[in-house]
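Student: The structure under discussion is supplied below as structure tokens; questions concerning it will follow.
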Amino acid sequence: MRRKTTKELEEISKKIRCGILETMEIGKKSHLGGSMSSADLVTALYFYKMKHNSKNPDDPDRDRFIFSKGHSVLAQYAALAECGYFPKPILKTTKTLGSVLQGHPETRTPGIEANTGSLGQGLSIGLGMAIGAKLDHRDYKVYVILGDGELAEGQIWEAATTASFYKLDNLIAIVDYNKLQAVGSIKKRYDLGDIRGKFAIFGWKTFEINGHDMKEILQALDSVDEIKGAPSVVIAHTIKGKGVSFAANNPAFHNAPLTKEQIERAKADICNS
Amino acid sequence: MKIPVICKEREILVVFKEVLIENLEKKANLIRRYIIEMISNAEGGHIGGALSIADIMAVLYFHTLKIDPKNPEWEDRDRLVLSKGHASAAWYAALAERGYFPKEELLTFDHINSRLQGHPDMKRTPGVDMSSGSLGQGISAALGMALAARYLKKTYRTFVILGDGETQEGQVWEAAMTAAHYELDNLIVILDYNKLQLFGQTNTIMNIEPVIEKWQVFGWNTIEINGHRINEIVQALENAVKFEGKPTIVVAHTVKGKGVSFMENKVEWHSLPPTKEQVEKALKELEYF
Amino acid sequence: MKNNVIATRTAFGEALVEIAKERKDIVVLDTDVATSTKTSIFREAFPERFFEMGIAEQNMMGVAAGMASTQKIVPFAVTFAVFATKRVCDQVSISIAYPKLNVKIVGSYGGIPTGKAGATHQAFEDIAIMRAIPNMTVIVPADAEEMKQAVKACVKYDGPVYLRCIRCDTPVVFDENYNFEWNKGVTLREGKDITIVSTGMMTPEALIATNILVDKGLDVRLIHLHTIKPIDKDILLKASIETGHIVTVENHGIIGGLGGAVAEILSESEPALIKRIGIEDTFGESGSLKDLFFKYGLTSENIVKEVKNLIEKKRRKYSC
């Protein structure tokens, strides 16, 4: 099957961003910022890189994706809907009682591999799946998107040590490095220092890109395939709220309610970008 | 043991330093003897990891720490947290020798109702600043003490002895990141880098290397030494307390079971009760001056 | 019952600032959720006494322990209830409770209300976990007024405390004449037919249920327990002896929380038939508050229903 071009993927990422807005109930809080900053990464994974098939969600050879920064799951819901894992109208039921789309990722949702939301846990789960692949002699890959603030969790470094020790070259972490967390700027509130250097010293192969430049994202994901004997991390510089003019780089939109007008404006921003 | 002379006026200082080193070596040796006696009397204990920090304990308790055994609650005292709490025998030995409680009490180690519990208990033992035993936690508490010192505008320093296997615990890296973020130069960690843990060599269980570079990337000042050379420990701690702007880790290369030939570098001596013959042999090797 | 509604997390945030004005030894630690836990109010007022710990809860508990060990600082270690208890159980036990250090652990977002975040953020086991840790006091205030007084009382007490806050607005049922008594239950209504024992935000609901039942002729005793540990045994034993049967209600799981505690006490000396209302051994989910409270039976209507059921059971048991 022909691989999608950069241009095509950029168009799809607009659909993903619109899909994120579909999940948001007017006047109710939603994690807009972090979902938008991950949107291009999620697009690249679901529509370019990952081996997967919505008609066969349990295919044992499928690539796995874990959204460790689970509060940004809205981007994944949009991608799963776009891929046909469930009908698009379901997006509107997000976070309502009994919905298959919960506030944070749950395996009740077709296409979701792990329950996350409690930060710091997804990388460990991913590494377990990667070990599973090796034991099972399968060549599927495991992709995990991490938040930058999430790197403060000690469990991440337990997983980093272990992944490197077990030489898990089928494990790829992607850091959505938008430099903001719930209470504001990371550098001001809780400085994480040299993220790339930290992963490197823990034995990971590192890549650093613009997380909204589709060409760079695709190049990095392809380069990772060449790595043998070590896990990889792609540090993706992103903008929280990217694509929505009033939310871009604005910590207030970590988890905020949107009015009807704001949603309309956001849609216009996305379609006209 | 001679320290190089810098100039004539320093000759006296050199002589004093020689005497200091010799005294500290004697103390380290005594601590080792106490460890053997305590653990054999208790019919078990974490002997290897206690012996590996005996020299470090000697320097801390007889040179570096600003403390007062008659006043264990003195609010301006330097703090020590034994984050690798299972090496408690070494701590109790040092505390007893320093005068926090009678030496005879060492024989109650690990006995019921004793003030000397298997892992440090700050509510029971004079001189123990923080309870520990569940690995990875002591360093966080120490960081809290260091933060408190700055907040209360006090000048006490906080020292932590960390195990190398212990750095597999994620919480250690949470503490490392936080200490660096707060630029806590009143926090000094000493890593007992003996390269062994319960089931084997650290680098075969869960490799923690490269140790020095990791702490540097996490924003720490690093010093690397031989953890059994008293003069190196003395110098390292003197430099560490003077360093500004970052917390310091002294990575001390040590030998598990150091001082007793048949225990050195042996995984099984993590916590084996020595037989009567082994105790005699060990004490004979530790006969000193 | 008053008409105003205030979230206990907000009341907590404000009360903390009030008491910190007199008690200069109070500091606050938070893990990147200050705007949610409302320690942001404290951060605004006393920035030099606020310590951001990043998303690293286990470390935070240790840091709080270290600070408290100086005996010059009283730290409040604040985060979401799930992380303040489940994630850090060992750290709280060993670093704080075991040495009985004067740390106040605050779990915000207790129980169901989490703004639809779902299972990972809904604490249904926090009371059960903290109750099982020795040296720990566990307090679950009913409303903003009680929260205000509880914060003051916690600071006066020298030892580890777990204080639970709620995210959503809840009715204020106590006024300034109310006097929060340390470790003591509160009898909100005397009665002899049956007793309802409630805690936290379920007390206002229990009040509504009591009024409905009293209108229907049932002489209901209503007891509010703000402190689950140490629990007020006397008030419970008396209720068991005098009314026979107990319905407990909590915004928490039925295993190990208020219901569990009441059952433990009574089964040893004055057994009563107990119906525990709460989350029944399941993880939570996303949904509106109204939907969730209805689904999990945490409404005055369901309390009324269960009381009637228990009365019926009692009647059948004792009829010829």
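Student: Under 8 Å for C-alpha pairs, at least 6 residues apart: give me the relative contact order for chain B, rounded to a whole percent.
Tutor: In percent, rounded to a whole number, it is 22.
Student: Over all residues in C:65-78, what is the mean tally of Cβ atoms on other chains that come within 10 Å of each residue's Cβ?
Tutor: That works out to 6 on average.
Student: Take peptides B:110-116, A:28-34, A:79-85 and line them up by average Cβ neighbours within 10 Å, highest first, as a rough protection proxy.
Tutor: So the peptides B:110-116, A:28-34, A:79-85, ranked by packing, come out A:28-34, A:79-85, B:110-116.
Student: Springs between alpha-carbon pairs under 10 angstrom, Gaussian network model over chain C: which of C:Glu52, C:Glu176, C:Glu125 fluctuates most?
Tutor: Sorting by GNM fluctuation, first place goes to C:Glu176.
Student: While we're here: What dipole magnitude, in Debye to the nearest 20, does the protein assembly as shown give about its Cα centre under +1 on Lys/Arg Cβ and -1 on Asp/Glu Cβ?
Tutor: Here the size comes out at about 1180 debye.
Student: Taking C:Lys152 as the anchor, which aspartates and glutamates have their alpha carbon closer than 15 Å to its alpha carbon, excluding any fewer than eight residues away along the same chain?
Tutor: Straight-line reach from C:Lys152, under 15 Å: C:Glu14, C:Glu18, C:Glu22, C:Asp25, C:Asp143, C:Glu176, C:Glu181.
Student: Helix C:57-68 sits at what angle to the longest principal axis of chain C, using alpha carbons and giving 0 to 90 degrees rounded to 10?
Tutor: So the helix axis and the longest Cα principal axis differ by about 70 degrees.
Student: For segment C:5-171, taking Cα atoms only, what is the radius of gyration to one decimal and the Dmax to the nearest whole Å?
Tutor: In Å, with Rg to one decimal and Dmax whole: 14.0, 40.
Student: Could you check how many percent of all C-alpha pairs in segment B:151-200 are farther apart than 14 Å?
Tutor: 60 percent
Student: How many angstrom lie between the C-alpha centres of segment C:258-278 and segment B:152-196?
Tutor: When both Cα centres are located, 46 Å separates them.
Student: If you don't mind, another one. How big is the dipole moment of segment B:98-160 about its Cα centre under a simple scheme where the beta carbon of each Lys and Arg is +1, that of each Asp and Glu is -1, and everything else is neutral? Debye, nearest 20, please.
Tutor: It comes to approximately 420 debye.
Student: Let me ask something additional. List nothing, just return the count: lysine pairs in segment C:260-320, 8 or more apart or interchain, with Cα separation under 29 Å.
Tutor: 17
Student: Something else about it: State which entries of C:Lys38/C:Lys229; A:Lys95/C:Lys104; A:Lys14/A:Lys215; A:Lys7/A:Lys242; C:Lys86/C:Lys148; A:Lys29/A:Lys92 exceed 22 angstrom in Cα-Cα distance in the structure shown.
Tutor: From C:Lys38/C:Lys229; A:Lys95/C:Lys104; A:Lys14/A:Lys215; A:Lys7/A:Lys242; C:Lys86/C:Lys148; A:Lys29/A:Lys92, over 22 Å: C:Lys38/C:Lys229; A:Lys95/C:Lys104; C:Lys86/C:Lys148.
Student: Now a separate question. Can you find, among A:Asn115, C:Val172, C:Gln71, the residue sitting farthest towards the positive end of the charge dipole of the protein assembly as shown, where Lys and Arg contribute +1 and Asp and Glu -1 at Cβ?
Tutor: The residue sitting most towards the positive pole is C:Val172.
Student: Which aspartates and glutamates, if any, have their Cα less than 14 Å from the Cα of A:Lys134, not counting same-chain residues under 8 positions apart?
Tutor: Correct list for A:Lys134: A:Asp61, A:Asp63, A:Asp169.
Student: Using just the C-alpha positions of segment B:8-285 as equal point scatterers, what log10 of I(q)/I(0) does the Debye formula give at each q in 0.07, 0.08, 0.11, 0.13 1/Å?
Tutor: -0.23, -0.30, -0.58, -0.82
Student: Scan around A:Glu208 for amide H atoms under 5 Å from its own, H built in the peptide plane at 1.01 Å from N, and keep only partners 5 or more places away or cross-chain.
Tutor: Those qualifying (amide H under 5 Å, at least 5 residues apart or on another chain) are A:Ile235.
Student: Which order do the peptides B:129-138, B:205-214, B:174-183 take when ranked by the mean count of other beta-carbon atoms within 10 Å per residue, highest first?
Tutor: Averaged packing, sorted descending, gives the order B:129-138, B:174-183, B:205-214.
Student: What does the helix-only formula give at 222 nm for chain B: each DSSP H stretch with n ≥ 4 adding -39500 (n - 2.57), the total divided by the residues, and the result rounded to the nearest 500 deg cm²/dmol?
Tutor: Calculated mean residue ellipticity at 222 nm is -12000 deg cm²/dmol.
Student: Moving to a separate point now. How big is segment C:27-84 by the Kirkwood estimate over distinct Cα pairs, in Å?
Tutor: One decimal place: 11.3 Å for the Kirkwood radius.
Student: Follow-up question, since we're still on this one. Tally Lys and Arg at +1 and Asp and Glu at -1 over the other residues with C-beta under 11 Å from the C-beta of B:Asp78: what net charge comes out?
Tutor: Taking every other residue near B:Asp78 into account, the sum is +2.
Student: Moving to a separate point now. Starting from the Cα of A:Glu8, move 7 Å in the Cα-to-Cβ direction to define the label point; list residues of segment A:47-79 whose amide nitrogen is under 14 Å from there.
Tutor: Within reach of a label on A:Glu8: A:47-50.
Student: Tally the DSSP beta bridges in the protein assembly as shown and give the antiparallel ones as a percent, rounded to 5.
Tutor: 15 percent
Student: Rg over Rh of chain C, using C-alpha atoms and the Kirkwood radius, what does it come to?
Tutor: Rg divided by Rh gives 0.97.
Student: Starting from a Cα-only point model with no solvent, please compute log10 I(q)/I(0) by Debye for the protein assembly as shown at q = 0.04, 0.06, 0.09 1/Å.
Tutor: Once normalised to I(0) and log-transformed, intensities are -0.20, -0.46, -0.98.
Student: Binning at 10 angstrom from zero up to the longest distance, how are the C-alpha pair distances of segment C:186-318 distributed in percent?
Tutor: The percentages, shortest bin first, are 13, 47, 33, 7, 0.
Student: Taking H as built 1.01 Å from N, whose amide H comes closer than 5 Å to the amide H of C:Val106, not counting residues under 5 places away?
Tutor: Result for C:Val106 returns C:Ala77, C:Val78, C:Thr79, C:Leu163.
Student: Mind listing the phi-derived Karplus ³J(HN,Hα) values for segment C:130-138, rounded to whole Hz, using 6.51, -1.76 and 1.60 with θ = phi - 60°, and x for any glycine or proline?
Tutor: 5, 5, 7, 8, x, 6, 9, 9, 10
Student: Let me ask you something else. Evaluate the Kirkwood expression for the hydrodynamic radius of segment A:6-271, namely the inverse of the mean inverse distance over all pairs of different C-alpha atoms, and round to one decimal in Å.
Tutor: The answer is 18.2 Å.
Student: Restricting to chain A, what percent of DSSP beta bridges are antiparallel, rounded to 5?
Tutor: The antiparallel fraction comes to roughly 15 percent.
Student: Name the long-range amide H neighbours of B:Leu272: under 5 Å, sequence gap of 5 or more, or other chain; modelled H, no Pro or chain starts.
Tutor: B:Gly45, B:Ile47, B:Gly48
Student: Report, as an integer, the average count of C-beta atoms from other chains found within 10 Å of each Cβ along A:97-105.
Tutor: 6
Student: Rounded to the nearest angstrom and ordered from largest down, what semi-axes does the equivalent ellipsoid of segment A:126-273 get from its C-alpha gyration tensor (root of 5λ)?
Tutor: The equivalent ellipsoid of segment A:126-273 has semi-axes of 31, 18, 13 Å.
Student: To the nearest whole number, what is the average tally of beta carbon atoms from other chains within 10 Å of the beta carbons of peptide C:89-95?
Tutor: The mean count of partner-chain Cβ atoms within 10 Å per residue comes to 4.
Student: Could you work out the helix-only [θ] at 222 nm for chain A, with each DSSP H run of four or more residues adding -39,500 (n - 2.57) and the total divided by the number of residues, to the nearest 500 deg cm²/dmol?
Tutor: -11500 deg cm²/dmol
Student: Choose one of C:Thr35, C:Ile274, C:Pro141: the residue whose Cα lies farthest towards the positive end of the charge dipole of chain C (beta-carbon charges +1 Lys, Arg; -1 Asp, Glu; about the Cα centre).
Tutor: C:Ile274
Student: While we're looking at this one, here's another question. Which of B:Phe109, A:Gly184, B:Ala175 sits closest to the plus end of the dipole of the protein assembly as shown, meaning its Cα is farthest towards the positive end, when Lys and Arg get +1 and Asp and Glu get -1 on the C-beta?
Tutor: A:Gly184
Student: Bin by bin, in steps of 5 Å, what percent of the Cα pairs in segment A:3-53 do you find, going until the bin that has the longest distance?
Tutor: 4, 20, 27, 21, 14, 8, 4, 1
Student: Excluding residues on the same chain fewer than 8 positions from B:Lys256, give the lysines whose Cα lies under 22 Å from its Cα.
Tutor: Output for B:Lys256: B:Lys26, B:Lys27, B:Lys84, B:Lys195, B:Lys266, B:Lys276, B:Lys281, B:Lys284.
Student: Hey, what D do you get for segment B:165-289 in µm²/s if you plug the Kirkwood alpha-carbon radius into Stokes-Einstein at 4 °C and 1.567 mPa s?
Tutor: For these conditions, the coefficient is 80 µm²/s.
Student: Once phi is turned into θ = phi - 60°, what whole-Hz ³J(HN,Hα) does the Karplus curve with 6.51, -1.76 and 1.60 give for every residue of segment A:262-273, x standing for Gly and Pro?
Tutor: Rounded to whole hertz, the list is 5, 5, 4, 5, 4, 4, 5, 4, 5, 5, 8, 7.
Student: Among A:48-58, A:152-162, B:40-50, B:249-259, how do they line up by average Cβ neighbours within 10 Å per residue, starting with the highest?
Tutor: Packing order, densest peptide first, comes out as A:152-162, B:249-259, B:40-50, A:48-58.
Student: Right, another one. How many angstrom separate the Cα center of segment B:112-150 from the Cα center of segment A:162-189?
Tutor: 32 Å
Student: Return the percentage of antiparallel bridges among DSSP beta bridges fully within chain C, rounded to the nearest 5 %.
Tutor: If we restrict to bridges inside chain C, about 20 percent are antiparallel.
Student: In Å, what Kirkwood hydrodynamic radius results for segment C:85-192 from the alpha-carbon pair distances?
Tutor: Computed over segment C:85-192, the radius equals 15.1 Å.
Student: Quick one, what does Rg over Rh come out to for segment A:60-157 if you take C-alpha atoms and the Kirkwood Rh?
Tutor: Expressed as Rg/Rh, it is 0.99.
Student: With +1 on each Lys and Arg Cβ and -1 on each Asp and Glu Cβ, how big is the dipole of chain A about its Cα centre, in debye rounded to the nearest 20?
Tutor: 460 debye
Student: For chain C, what does -39500 (n - 2.57) per DSSP helix run (n ≥ 4), summed and divided by total residues, give at 222 nm, in deg cm²/dmol to the nearest 500?
Tutor: Computed ellipticity for chain C at 222 nm equals -11500 deg cm²/dmol.
Read-outs throughout are calculated quantities, based only on the coordinates presented, and are distinct from any laboratory measurement. Nothing here was measured: the structure is a model prediction, and the numbers come from that model. Here Cβ is always computed from backbone atoms with ideal geometry, including for glycine, and neighbour counts include all displayed protein chains.
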